[in-house]
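See structure below.
The values are calculated or read from the model by the stated rules, or taken from the named source; none is laboratory data. Since the structure is predicted, the reported quantities are computational estimates derived from the model, not experimental observations. Reconstructed Cβ throughout: ideal geometry from the backbone, glycine too, with neighbour counts over all protein chains shown. For the accessible areas, the whole protein counts, side chains as well, though only heavy atoms, and no ligand, DNA or RNA atoms are used. Shrake-Rupley method; radii C 1.70, N 1.55, O 1.52, S 1.80 Å.
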Amino acid sequence: MASMPVRMDMTPMVDVAFLLLIFFMSTTQFRPPEVIAVKLPASTAEMHVPETGTIIFTVNREGRVFVSSEKANDIQEVPKDQIFDAIVAWRSRNPSAIIIVKGDKEASFGPINALMTRLAEANAGRFNLMTDIRREGEAFTGPDGR
């Protein structure tokens, strides 16, 4: 009498693998694209910015100032004469929020300096400047590409 080989049905395992894949794809939160794209200056510091509890002031290449939180839908442009009021208003919403300043590396220093002065006037002298991390061995390129 010949013995029959034992066969395992792999269908349930494939089903479980696809269910796990679908679960992780549907529950993962991806970072939304930045509404205001800026080229950040390079640095070697590796301090990581928290995902929540932040107030982000962005200065683009033209020197326009924007304020937002980590949510992409609450961004607003701030006129130069209302920066102080915007700082006070956003800090009153979340007094423990970490303030982050993102300045385009091709922006002039004037608008960034004015923003930092207003932060100091609003007693928000502690803030983080966001940069791109330059890894060891990478060449530094300035605003002119050199």
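Side notes on the structure shown:
- Only listed residue being farther than 25 Å from residue 30 by Cα and either at pLDDT below 85 or surrounded by 15 or more Cβ atoms within 10 Å (Cβ to Cβ) (or both), chosen from 80, 105, 71: 105
- Residues of the range 91-118 that turn out to be outside any loop (DSSP other than H, G, I, E, B) and more than 20 Å from the chain's Cα centre (by Cα), as a count: 8
- Lone unmet requirement of (1) open to solvent by 70 Å² or more (accessible area, probe 1.4 Å); (2) under 15 Å from residue 68 (Cα atoms); (3) not in a helix (DSSP H, G or I) for residue 126: (2)
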